[in-house]
Structures are given as C-alpha cells and as structure tokens.
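The values are calculated or read from the model by the stated rules, or taken from the named source; none is laboratory data. Please read all numbers here as calculations on a predicted model, not as lab measurements. Heads up, the Cβs are rebuilt from the backbone with ideal geometry, glycines too, and the neighbour counts pull from every protein chain shown. What goes into the accessible areas is simple: the full protein's heavy atoms, side chains included, and nothing from ligands, DNA or RNA. Shrake-Rupley method; radii C 1.70, N 1.55, O 1.52, S 1.80 Å.
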Amino acid sequence: PPRLQPPAGFTFKDKKICWSRQAFLDFQTKVKKLTGRSWGVSMKHRLIQLKLFVNGWVNYFGISQFYSPIPGIDNWIRRRIRMCYWKQWRYVRTRIQKLLELGVPKHLAVPAGSSSKSYWRSSKTYAINLGMSNKWLDLQGVPNVKSLWCKAQGYT
C-alpha cells in the first residue's frame, strides 16, 4: 500500500505531527520582515499585518502536536515588537517620557532611556520589559501564539 505523506510543511517526530524545519524558518523570516526596524510603517499597520500572518500560520500549523517551542516563539515576537517601539521612540527624551507614562520608576527609566545599547539588546532590559509588559503588548494588539495554538488544539 502507498505510504501517506503529511501535508506540505509538516513532518513526523516520535509519532507526532509537527511543522518542518523549513516551514519554521520561513515563519521566522516573515516575522523578521514584519517586525523589521527599518520598515517605515505605523505600529498599528505593523501589528495588523503581524496578527494576520500569525493567525494564518497558526490556523495552518495548528494541527501540529509540537508545543515546546510555542512559548519561546511568543517571547521572541514580543521582544521584536519592543525593539520596534524602542526604535520608534528614537530620542532619549521621548524614551524616558514614554517609559514614565508606562509606569516605570524614574530611577529605572532615565538609565534605560539614555542607554547606548542596541535596539535588540535594549529590548530585553528590565525597565523596558516593566513598561512594555506582556499585558500592555496584548492591549496594543500583539498576537499571542500560545493562546492561538491552544484554541486551534481545542483547549479553550
């Protein structure tokens, strides 16, 4: 009898269906493009495009039983969005002001805002994560891959 092949982009690991390495690399490439620092669009447009792409990807690959990388994907996407906001805020005065508006104490906001670290490195600092918390990012419209994946699995 002919062997059944999984749909394109899928593979089997330990009797479980999961996305292929190439499919995941394509996902990362597209997310990097949508969250690129030099893409001169508004954050609203960027987040809408990202949400559309992530929803489509999860709807297609949601049949996968490969959960372990999902929380890491969520963290990575949030960090990329924090990096985009950090670049958008551009000036030291603006960064400090925005962090203070987000509730970051002044003794943390000033050093973070005046730091010369790269955008990517800054996006992991305590002050920025305190201000741009996961809850705040959810309110901005950042897609939550974990909740979308759980919904696709029928765990809601």
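The lysines whose alpha-carbon is closer than 16 Å to the alpha-carbon of K151, local same-chain residues fewer than 8 away aside, are K51. Per residue, the solvent-accessible area of segment 106-156 (1.4 Å probe, heavy atoms of protein chains only, all protein chains present) comes to 61 Å². By the rule of a C-alpha distance below 13 Å, with chain neighbours fewer than 8 residues away ignored, the aspartates and glutamates paired with K146 are D74, D138.
Between V41 and L139, the C-beta separation translates, for a Förster distance of 30 Å, into a calculated FRET efficiency of about 0.90. Amide hydrogen proximity for I17: with H placed 1.01 Å from N in the peptide plane, the residues at 5 or more positions away or on another chain lying under 5 Å are Q65.
Got the relative contact order for the chain handy, in percent, Cα pairs under 8 Å and 6 or more residues apart?
Dividing the mean separation by the residue count of the chain yields 27 percent.
Screening the chain for whole DSSP H helices of 24 Å or more along their axis (Cα) with average Kyte-Doolittle hydropathy at least -1.0 returns 43-61, 70-89. Each residue of segment 122-136 is assigned a 3J(HN,Hα), and the resulting list reads 5, 5, 9, 6, 4, 4, 5, 5, 5, x, 8, 5, 4, 4, 5 Hz, derived from the Karplus form 6.51 cos²θ - 1.76 cosθ + 1.60 (θ = phi - 60°), x at Gly and Pro.
Legend: residue pairs K33/K106; K15/K124; K32/K106; K30/K87; K30/K124; K13/K87, Cα-Cα distance threshold 28 Å; pairs beyond threshold, K33/K106; K15/K124; K32/K106; K13/K87. By the helix-only formula, in which each DSSP H run with n ≥ 4 contributes -39500 (n - 2.57) and the sum is divided by residues, the chain has a 222 nm mean residue ellipticity of -18500 deg cm²/dmol. Counting only Cβ charges, +1 for Lys and Arg and -1 for Asp and Glu, the dipole size of the chain around its Cα centre is about 460 debye. Here the accessible area is traced with a 1.4 Å probe on the protein chains. For segment 41-91, carbon and sulfur cover 58 percent of it.
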